[in-house]
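Trainee: Next up is a structure, given as structure tokens.
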Amino acid sequence: MTTLREAFKAALTSDAELAAILTGGIFDVDDLGRQGLTPKNAPRAADGVTLLPVAVIRWSTSAPYMLRNAERRFVQVWFYDDRGAATIDRAQRRVKDLLHRARLGPTAGDALGLNFVHWVGDVNGLAAEELQDASAAYSRYMVDLTRR
């Protein structure tokens, strides 16, 4: 069995349509090291300058849920692109199609049991200063975990 983090990432990386949009890849922030996505490790086009469209999964807080042996975890999927918001918008829609009301599981490690994913909202129109003001946005999801 996989962990919740692995199952969440696999739900995105296994989709060919999303891979065609996010040509720079999909990363869990832990895959990128302590500083996350930086100009040094950001995926670039053949010209070595242009940032390729990329997504970074960042796990956030968790809180008790109303059922016994359950909790709610929050996760953000960040999107970055040098060419503006159109690609980011397409990627956000595709991720929402894949994850909203999806069931991941059962998983081991983090949460042995079923995991239900719900879209919470989007924040668009950001600029990533750490990536020379590349266009940025994020979508927020909650995962309801029920342990066995």
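The values are calculated or read from the model by the stated rules, or taken from the named source; none is laboratory data. In this text the structure is predicted, and so the values were computed from the model without any measurement. Glycine also receives a Cβ, built like all others from the backbone with ideal geometry; neighbour counts cover every protein chain displayed.
Trainee: Just the residues that are aliphatic (A, V, I, L, M), closer than 17 Å to ASP28 by Cα and modelled with pLDDT under 95, please, taken from the range 90-116.
Mentor: Hit for the range 90-116 is LEU104, nothing else.
Trainee: If we keep just the residues of the range 134-148 that are of a type in the set (D, E, K, R) and modelled with pLDDT under 95, which is surrounded by the most Cβ atoms within 10 Å (Cβ to Cβ)?
Mentor: At the first step, the residues of the range 134-148 found to be of a type in the set (D, E, K, R) are 140, 144, 147-148.
Right, trim to modelled with pLDDT under 95 and you get 144, 147-148.
Details: ASP144: 18, ARG147: 14, ARG148: 8.
Per the stated criteria, the residue is ASP144.
Trainee: Can you spot a residue in the range 33-51 that is over 16 Å from the mean Cα position of the chain (by Cα), buried (at least 17 other Cβ atoms within 10 Å of the Cβ) and touching a residue at least 40 places away in the same chain (Cβ under 8 Å)?
Mentor: Yes, the range 33-51 contains at least one residue that is over 16 Å from the mean Cα position of the chain (by Cα), buried (at least 17 other Cβ atoms within 10 Å of the Cβ) and touching a residue at least 40 places away in the same chain (Cβ under 8 Å).
Trainee: Residue pairs, Cβ under 9 Å, 6 or more apart or interchain, first in the range 52-64 and touching a residue at least 12 places away in the same chain (Cβ under 8 Å), second assigned to a loop (DSSP other than H, G, I, E, B) and among the polar types (S, T, N, Q). List them.
Mentor: Pairs found: LEU52/THR23; PRO53/THR23; VAL54/THR23.
Trainee: How many of the residues making up the range 112-132 are more than 15 Å from the chain's Cα centre (by Cα) and exposed (fewer than 14 other Cβ atoms within 10 Å of the Cβ)? Steps first, answer last, please.
Mentor: Filtering the range 112-132 for residues more than 15 Å from the chain's Cα centre (by Cα) gives 112-116, 125-132.
Going one step further and asking which of them are exposed (fewer than 14 other Cβ atoms within 10 Å of the Cβ), we end up with 125, 127, 129, 132.
Selection size over the range 112-132: 4.
Trainee: Going through the range 12-28 one residue at a time, which ones are aliphatic (A, V, I, L, M) and surrounded by 17 or more Cβ atoms within 10 Å (Cβ to Cβ)?
Mentor: Within the range 12-28, the first condition is being aliphatic (A, V, I, L, M), and the residues that meet it are 12, 16, 18-22, 26.
Correct list: LEU12, LEU18, ILE21, LEU22, ILE26.
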